[in-house]
Amino acid sequence: MSAQLTPLAELRATADGLWQSNGLPSPKLEAWKHTNLRALQRVESKTGGTVATEIPSEFDAKIAAPLDGFAGTLLLVDGKLNLALSVIPDGLTVVDLADAAPEQLGTIAKLDRLQDGLTARNLAQFDRGVALSVTGHDVGAIELRYVQSSEDAAMATQESRLLIELARHAELTVVERHIGAGQFVNNHVTEVDLSAGAVLKHVRVQHQDTRSFHLGKIAVRQGRDSRYESHVAQFGAAIGRCDIEVFLAEPGASCKLDGLYHGQGNQHIDNHSVIHHIANNTTSSELYKGILDDKSTGIFRGNILIYKGASGCATTQMNRNLVLSEQATVHTKPQLEIDNDDVTAAHGATVGQLDDDALFYLRSRGIDAQTAHSMLVFAFAGEVVADVPVESIQTLLKDELARRLAARTGLTVEG
Amino acid sequence: MLEIKNLKVKVGGKDILRGLTLDVPAGEVHAIMGPNGSGKSTLSYVLAGREGYDVTGGEVSFDGKDLLEMEADERAREGMFLAFQYPVEVPGVSNKVFLKHALNSIRKHRGQEELDAVGFLKLFRSKLKTVKMDKKLAGRELNSGFSGGEKKRNEILQMAMLEPKFAILDETDSGLDIDALKAVSDGVNALRDENRGMLVITHYQRLLDYIVPDRVHVLLDGRIVKSGGKELALELEERGYDWIRAEQGGAN
Ligand SMILES: Nc1ncnc2c1ncn2[C@@H]1O[C@H](COP(=O)(O)OP(=O)(O)OP(=O)(O)O)[C@@H](O)[C@H]1O
Ligand SMILES: [Mg+2]
């Protein structure tokens, strides 16, 4: 943990060196085997990868209307906090990273290991984002709404960061919604630090513009008996990549990682996760469900590492894929690496199509083919949607899925 | 109402129905009995519009319309209903939501107003009573984890809700206890009227004590080879099918 003592400036200089020498991750790296960033590179080279424009002083306030069930909403425009249009609930401390004093940044970069050029670039260049912390008890749910200042803006890259720190027994629900329109690159690193007994429910809804790029890294460190629940829903972006790395560092810590992704057109959606069972009696469960249509590609790669000496651990991991088109592609690689005997583990992956018998059954009751199709896709996704913490977000996910399926079939169904 | 003429069907290149002719007029209930593998379920699937069957000859007219020209869902909206021998489990789809979709698509087709949640629930509850089905069970995911008998009861619940013009019951009585058999028969009898036709496939004459048929047909090797009144069912139960095979052998 000597990194903790290193001044941030020094870390950022090191990161910059890494970025300069490594550049964007290439498919030669195992973790990037199926995801080629050439398209992103092409777009960035046209504009020199410049940082986004200034936030216009007047911004449509409608966009910040809070969803049901939320104690607060933070509006982030091009990745920058817009305080005027945000509502911050009692008990939540928010630091704007764009103008934070150096000592307020002290905890940044403690958790994410610099593994590739992208996270290095983020550390070297990030100039926006927020740090959230809670010291009391449950603050409720807050939404971080990421929008773009202008749809017509020239291609822009933004390096943003989010830090969430929960003190002992603090509880918080954070929903990140990335809904920016336009062509842009969102390189976003989230760090989560949970002290003993803290509980964080963390949702990411990625429905960025399909011309944009979403590159997201989430690094989580968990203290004793803490709980981390992640729900990642990826619907948007030309390339949507989300990496989660969880360190179950102290005994009794547990995490649950859920995912839902739906690819249409030429979308490329990539989900990676690594769970480190470092301490005794740590548990994890993971369920990712992918729906791949048209010429889309869906990737799941999950690594679970049970460390030597970490006894009494339990883990389950499952990736299920529903392939709706012959031209869609699925890559799935659930992986377990176990360094001791005292563990219960189950993992697997499935790739299937819609069940013809079920389709016929529904149709034999008068339901038309397209509605029957949508009902079965909904049924597939339902299990993960039902576990998402805030009801209005469940509704939002269902509506989004219905909208996307309707775009395919011209029809709507109720879940 | 349902006229099947010389129907020939192949499955996976194999002849299964080999010139089947059957006429069920409106207002009548006909029973089909026949040994395992004789083609009873194949007939019901072909009538319901399942994919994977090659119709190589014959025709089926339903209420004056060419049934085989229609997609499965069109047939259902036109009033055809099949109670499956093996109802399909559809996890993740709520039984109620499914039934509401089905009912409203059929009502829309009939030119009736679609039911809202309240109207639907009212009807749903009253039909649950008719088939004596548990409310909790009925609210679960469609057939998912249902026992064999529960699945059959759910088929009859669907039939009671959708009020089809013509119903095919493929061994709905198999695997039912006496109470369930009575409930299922009550559900079926409640639907009997002069505008409806029914085809009841069964192995047991027991069912026909509850649902008394107008005609009984024997399906053997893909053809109706013998027809008679309800006493034929009794005779089949006593004597099996060999004597009919023998008659057939003699006739050929
Ligand atoms: N998909 C299929 N591929 C090949 N053969 C099939 C297929 N479906 C049905 N068959 C065959 O067609 C024949 C008739 O089957 P069917 O299910 O119609 O019989 P059944 O009269 O309903 O029998 P049971 O009384 O056992 O329900 C059987 O020999 C069966 O093996
Ligand atoms: Mg059968």
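The values are calculated or read from the model by the stated rules, or taken from the named source; none is laboratory data. Computed from a predicted model, the values in this text were never measured in an experiment. Cβ placement follows ideal geometry from the backbone for every residue including glycine, while neighbour counts extend to all protein chains displayed.
Results, tabulated for the structure shown:
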item	result
Residue check for residue B:138: modelled with pLDDT under 95, of a type in the set (A, V, I, L, M) and surrounded by fewer than 17 Cβ atoms within 10 Å (Cβ to Cβ)	no
Matching strands (runs of 3 or more DSSP E) fully within region A:257-366 where at least 2 residues are more than 30 Å from residue B:93 (Cβ to Cβ)	A:268-277, A:297-306, A:313-323, A:329-338, A:343-352
Subset of region B:130-172 [of a type in the set (Lys, Arg), away from chain A (no Cβ under 14 Å) and farther than 20 Å from residue B:211 by Cα]	B:135, B:136
Some residue of region B:141-164 being farther than 28 Å from residue B:43 by Cα, in a loop (DSSP other than H, G, I, E, B) and not β-branched (Val, Ile, Thr)	no
Checking residue B:97 against (1) at the interface with chain A (Cβ under 7 Å from one of its Cβ atoms); (2) within 16 Å of ligand 2 (Cβ to nearest atom); (3) out of contact with any strand residue (DSSP E or B) (no Cβ under 9 Å at 6 or more places or on another chain), the condition it does not meet	(2)
Members of region A:147-179 that are farther than 30 Å from residue A:196 by Cα and touching a residue at least 60 places away in the same chain (Cβ under 8 Å)	A:147, A:148, A:149, A:150, A:153, A:154, A:155, A:156, A:157, A:158, A:159
Top-ranked residue of region B:192-220 - restricted to ones that are more than 16 Å from ligand 2 (Cβ to nearest atom) and hydrophobic (A, V, I, L, M, F, W, C), ranked as nearest to residue B:82 (Cα to Cα)	B:198
Residue list for region B:25-82, restricted to those being at the interface with chain A (Cβ under 10 Å from one of its Cβ atoms), within 16 Å of ligand 2 (Cβ to nearest atom) and either among the small types (Gly, Ala, Ser) or in a helix (DSSP H, G or I) (or both)	B:45, B:48, B:52
Residues located in region B:168-185, provided they are within 16 Å of ligand 2 (Cβ to nearest atom) and not in a loop (DSSP other than H, G, I, E, B)	B:168, B:169, B:170
Residues being within 30 Å of residue B:71 (Cβ to Cβ), out of contact with any helix residue (DSSP H, G or I) (no Cβ under 6 Å at 6 or more places or on another chain) and among the polar types (S, T, N, Q) - total across region A:322-365	4
Single unsatisfied condition, residue B:188 versus (1) within 16 Å of ligand 2 (Cβ to nearest atom); (2) crowded, with 17+ Cβ neighbours inside 10 Å	(1)
Those residues of region B:1-57 which are of a type in the set (D, E, K, R), buried (at least 17 other Cβ atoms within 10 Å of the Cβ) and within 9 Å of ligand 1 (Cβ to nearest atom), in sequence order	B:40
Unique residue being surrounded by fewer than 24 Cβ atoms within 10 Å (Cβ to Cβ), free of Cβ contacts under 8 Å to residues at least 60 places away in the same chain and more than 26 Å from residue B:7 (Cβ to Cβ) when the list is B:173, B:193, B:177	B:177
The lone exception for residue B:97 - which of (1) more than 16 Å from ligand 1 (Cβ to nearest atom); (2) surrounded by fewer than 23 Cβ atoms within 10 Å (Cβ to Cβ); (3) part of a loop (DSSP other than H, G, I, E, B) it fails	(3)
Residue ranges of strands (runs of 3 or more DSSP E) in region A:1-116 with at least 1 members at pLDDT 90 or above and surrounded by fewer than 16 Cβ atoms within 10 Å (Cβ to Cβ)	A:80-87, A:92-96
Matching residues in region A:136-163 - criterion: being at pLDDT 90 or above and either of a type in the set (Phe, Trp, Tyr) or outside any strand (DSSP E or B) (or both)	A:140, A:146
Filter result for the condition that a residue is among the acidic types (Asp, Glu), buried (at least 16 other Cβ atoms within 10 Å of the Cβ) and within 14 Å of chain B (Cβ to nearest Cβ), over A:368, A:356	A:368
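Residue by residue, here is whether (1) in contact with a Ser or Thr (Cβ under 7 Å, 6 or more places away or on another chain); (2) basic (Lys, Arg); (3) more than 25 Å from residue A:33 (Cα to Cα); (4) crowded, with 24+ Cβ neighbours inside 10 Å holds:
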{"site": "A:209", "(1), (2), (3), (4)": "no, no, no, no"}
{"site": "A:222", "(1), (2), (3), (4)": "no, no, yes, yes"}
{"site": "A:233", "(1), (2), (3), (4)": "no, no, no, yes"}
{"site": "A:239", "(1), (2), (3), (4)": "yes, no, no, no"}
{"site": "A:254", "(1), (2), (3), (4)": "yes, no, yes, no"}
{"site": "A:263", "(1), (2), (3), (4)": "yes, no, no, yes"}
{"site": "A:268", "(1), (2), (3), (4)": "yes, no, no, no"}
{"site": "A:273", "(1), (2), (3), (4)": "no, no, no, yes"}
